[in-house]
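Visitor: Sharing a structure here in structure tokens format.
Laboratory data are not the source of any read-out in this text; all were calculated from the coordinates shown. Note that this is a predicted model, so its numbers are computed, not measured. Glycine gets a Cβ as well: all are built from the backbone with ideal geometry, and neighbour counts include every protein chain shown.
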Amino acid sequence: MTKGEHMKQSNLYIIFAISIFTTNLVGCSSTPVATTPLPKEELISLGQDSSKGGSYEIALNNAQSFCNRWGAAPSIISKEVSYQGQLQEDTNTAINVATDIAIAAGNWIPRVGSSDAYETKITYKCY
């Protein structure tokens, strides 16, 4: 085989490799991508915090984060707030308020009241 014939054969291999590569690229771009459909059923999100508002905010943020995966937003169907603390609700609230005031004044004291006394259960759908 002469040098010229060898060069032609090498060029053919390169052209063949490029055509295979571009064919694969075109084939990949037309392949359908599997997507997970938007959930249609009712979903539940829970939030726990030392306050009613805080537990609702946590539950709502969880629902929004979940629906955002599909570019959707949660539509709240129902909301239930329950007290789960070991102390009486009024006592727990008073202890948490006193602790917050002491911390704001620059005093460190350990938290005695329950930090997850309230639980909010949100039932929602993603739309």
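Visitor: Arranged from highest to lowest average of other beta-carbon atoms within 10 Å per residue, in what order do the peptides 81-88, 116-123 appear?
Guide: 116-123, 81-88
Visitor: Then there is this: Compute the length gained on full extension between Ser78 and Asn107: take 0.36 nm times their separation in residues and subtract their Cα-Cα distance, giving the result in nm to one decimal.
Guide: This chain segment gains 6.4 nm when fully extended.
Visitor: Suppose each label sits 7 Å from its Cα in the direction of the beta carbon; what would the Val97-Gln64 distance come out to in nanometres?
Guide: Roughly 2.8 nm, to one decimal.
Visitor: Another question, then. Evaluate E = 1/(1 + (r/R0)^6) for Leu87 and Glu42, where r is the Cβ-Cβ distance and R0 equals 30 Å; express this FRET efficiency to the nearest 0.05.
Guide: Approximately 0.35, to the nearest 0.05.
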